[in-house]
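Working notes, structure below.
The values are calculated or read from the model by the stated rules, or taken from the named source; none is laboratory data. Only a predicted model underlies this, so the values are computations on that prediction, with no experimental measurement involved. Cβ placement follows ideal geometry from the backbone for every residue including glycine, while neighbour counts extend to all protein chains displayed.
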Amino acid sequence: MAQASYATTEGGQQVLILREGTSQNRGRNAQSNNIWAAKEIARIVKSTLGPRGMDKMLLDGMGDVTITNDGATILKEIDVQHPGAKMIVEISKTIDNEVGDGTTSSVILAGALLENAEELINKGVHPTVIVDGYKKAALQALKILDKIAIKVEADDKGTLVKIARTSMASKLVSNESAELGAMLVDAVLQVAEKTPEGKFAVDIDNVKVEKKTGGSLKDTSFIKGIILDKEVVHSGMPKRIENARIALINSPLEIEKTEFDAKIDIKDPSQIQQYLDEETKMLRDMVGKISEAGANVLVCQKGIDDIAQHYLAKAGVLSVRRVKDSDMTKLARATGATIVTGLDGLSKADLGQAGLVEERKIEDDKWTYIEDCKNPKAVTILIRGGSQRIIDEAERCVHDAVMVIKDVLEKPGIIGGGGAVEEELSYRLMKWSNTLQGREQLAAEKFAESLESIPITLAENAGFDPIDIRVELREKHGNDKIWYGVDVLGNGVADLFKKDVIEPVSVKEQVIKSATECTCMILRIDDVIAGSKASMPPQGSGALGGMPGMEQ
């Protein structure tokens, strides 16, 4: 590793190319360093894969503890410094945002691709040749995936529940996956909308997830409406209203202050009372407009004056204030209400409908439930659990399950899980690689071999002999039994489609694309230049300091 790289001119004079303090790592050394870092990241998450995977306990700088086996969360929480390792972390974030599941698989696959590429590099195969071979193999793998994927009805509830249960099988909530899976499918189908082309579009932001300690995971509930972590603003207001007519206001029910300094010249004590009476009248008129529109529930994004609260209570209007903008939007979608800026524009047509609005005490807090909406396009999942760490992990599980349901709705294709599809791809790619010429064939073979890292890791985590599992899987797939994979909860190898272990095809596509692209990017790096801040030049030094031989 060199410091401050110099070059020499024809006249023999040294010229500083890189700033003083810059470090440079080049050639095979740079490649090995990056590959080693990426493999280490894969090693960290490897033991978390599958239903028999282990959890990680992560402590941050503040002493907060996170216990999880979610690959994206693990890599997000650990403070990765190495630039090569950071690239692997980025693919897990991308997959988590795009398809929700498959984050651990993508990291393990990228690690295996790099490990096998290193073997070829050590045998003299150029990295560019390996990159070309990997890209061709990935393209062929995606074509095979498209052929073997089983097309399903997008809104087939039975299939969607199986997909959700497979996603949750390796998570904390696996014992409650049957009830939770059905609940989450109902929630996603409720907010899904059909496009003009007849396909489904799902915005998962419309599935609001709230969590509260107390009870157990079995007490998790699906609310056809929205829960607000706010209480009713006045003790005199009703705490429960059936057949609610809801007004959503995003302006304050207060007397607005002037934008500039103003003085009121009062010469008589009675004028003070007139001033106060006028303020009260203005606030009473505001409440009157809400009552005239027919609203019996008011949700305000801003503040509500104490006097306005009094008149709202007298009018029997349940009111909530300082609600988040995102919750206001969800409420509009759930109840059919229109968010109104000024009370002058409020009319009966702007009101939303809900079967029940009620304040309930959850643990030590009071929350407002707006539920039993007629056809809500925004809903809530309330997660309960014994401790904060349990509900935090349950929330991550719910996110992954909601995402895979969304994936199938938007692209209705499914495949067998448990490493079955990776083994089938490996088998077919190994045969296809014989059609390639030259050293690219070696790279394609290594790509096929890398795909087997997923079923092998599942076998290792389940306590099976990975060699026996690999031999048996190859024999099954050689006999066209394409959905045979690792039955981690059974006796080794089984037809996982019959066991309802299925996954969205879009997840596997994203895993292969992301892992391949990241691997190729790392393999093409042959020089790592790390700059550092140069110290300030001494007083009086010339602008071209650092070029030896020049007069200062």
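Kindly provide the set of residues from segment 315-359 that are part of a strand (DSSP E or B) and within 12 Å of Gly225 (Cβ to Cβ), ordered by number.
As a first pass, look at segment 315-359 and keep what is part of a strand (DSSP E or B): 318-320, 339-340, 352-359.
Gly352, Gln353, Ala354, Gly355, Leu356, Val357, Glu358 - these are the residues of segment 315-359 that are part of a strand (DSSP E or B) and within 12 Å of Gly225 (Cβ to Cβ).
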Determine whether segment 63-71 contains at least one residue that is part of a loop (DSSP other than H, G, I, E, B), of a type in the set (D, E, K, R) and surrounded by fewer than 19 Cβ atoms within 10 Å (Cβ to Cβ).
yes
Scan Lys157, Lys135, Lys143 and give me the residue that is over 22 Å from the mean Cα position of the chain (by Cα), under 23 Å from Phe497 (Cβ atoms) and in the same structural domain as Cys520 (by TED's automatic domain parsing).
Lys143
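Considering Val408, Val398, which residue is within 30 Å of Ile469 (Cβ to Cβ) and among the aliphatic types (A, V, I, L, M)? Talk me through it step by step, then tell me what you get.
On the way: Val398 fails: within 30 Å of Ile469 (Cβ to Cβ).
It is Val408.
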Is segment 439-447 home to any residue that is among the small types (Gly, Ala, Ser) and over 28 Å from Lys123 (Cβ atoms)?
no
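Criterion first (touching a helix residue (DSSP H, G or I) at 6+ places or on another chain (Cβ under 8 Å), more than 28 Å from Ile415 (Cβ to Cβ) and either assigned by TED's automatic domain parsing to the domain that holds Thr516 or touching a residue at least 60 places away in the same chain (Cβ under 8 Å) (or both)) does Thr213 satisfy it? Give the steps one after another, and end with the answer.
On the way: touching a helix residue (DSSP H, G or I) at 6+ places or on another chain (Cβ under 8 Å): yes; more than 28 Å from Ile415 (Cβ to Cβ): yes; either assigned by TED's automatic domain parsing to the domain that holds Thr516 or touching a residue at least 60 places away in the same chain (Cβ under 8 Å) (or both): yes.
Answer is yes for this residue.
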Which residues, counting only those in segment 309-335, are touching a residue at least 40 places away in the same chain (Cβ under 8 Å) and aliphatic (A, V, I, L, M)?
Leu312, Ala313, Val317, Leu318, Val320, Val323, Met328, Leu331, Ala332, Ala334
Quick one: which residue in Gly438, Gly485 is outside any helix (DSSP H, G or I) and surrounded by 17 or more Cβ atoms within 10 Å (Cβ to Cβ)?
Gly485
Looking only at segment 110-122, decide whether some residue is touching a Leu at 6+ places or on another chain (Cβ under 7 Å), assigned by TED's automatic domain parsing to the domain that holds Glu509 and of a type in the set (A, V, I, L, M, F, W, C).
yes
State whether the residues of segment 172-184 include one that is of a type in the set (Gly, Ala, Ser), without any contact (Cβ under 8 Å) to a residue 12 or more places away in the chain and under 30 Å from Val379 (Cβ atoms).
no
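Just for segment 162-171: of the residues that are aliphatic (A, V, I, L, M) and surrounded by 22 or more Cβ atoms within 10 Å (Cβ to Cβ), which one is farthest from Ile383 (Cα to Cα)? It would help to see each step written out before you state the result.
Narrowing segment 162-171 to residues aliphatic (A, V, I, L, M): 163-164, 168-169.
Subset that is surrounded by 22 or more Cβ atoms within 10 Å (Cβ to Cβ): 163-164, 168.
Numbers: Ile163: 20, Ala164: 16, Met168: 15 Å.
If we take residues in segment 162-171 being aliphatic (A, V, I, L, M) and surrounded by 22 or more Cβ atoms within 10 Å (Cβ to Cβ), then Ile163 is farthest from Ile383 (Cα to Cα).
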Have a look at Val511, Val471, Val507 and point out the one that is part of a helix (DSSP H, G or I), loosely packed, with under 13 Cβ neighbours inside 10 Å and modelled with pLDDT of 75 or more.
Val471
Tell me the residue from Lys86, Lys46 that is assigned by TED's automatic domain parsing to the domain that holds Glu460, more than 22 Å from Val408 (Cα to Cα) and at pLDDT 85 or above, please.
Lys46
If you check Ile390 against the conditions, is it in a helix (DSSP H, G or I), over 17 Å from Arg165 (Cα atoms) and either in contact (Cβ under 8 Å) with a residue 12 or more places away in the chain or touching a strand residue (DSSP E or B) at 6+ places or on another chain (Cβ under 9 Å) (or both)?
yes
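Given the options Ala149, Ala117, name the one that is touching a residue at least 40 places away in the same chain (Cβ under 8 Å) and surrounded by 24 or more Cβ atoms within 10 Å (Cβ to Cβ). Talk me through it step by step, then tell me what you get.
Working: Ala149 fails: surrounded by 24 or more Cβ atoms within 10 Å (Cβ to Cβ).
Of the residues listed, the single one that is touching a residue at least 40 places away in the same chain (Cβ under 8 Å) and surrounded by 24 or more Cβ atoms within 10 Å (Cβ to Cβ) is Ala117.
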Output the number of the condition that Leu114 fails; it satisfies all remaining conditions of (1) under 31 Å from the mean Cα position of the chain (by Cα); (2) modelled with pLDDT under 90.
(2)
So Arg384 passes all but one of these: (1) under 24 Å from the mean Cα position of the chain (by Cα); (2) in a helix (DSSP H, G or I); (3) surrounded by fewer than 22 Cβ atoms within 10 Å (Cβ to Cβ). Which condition number does it fail?
(2)
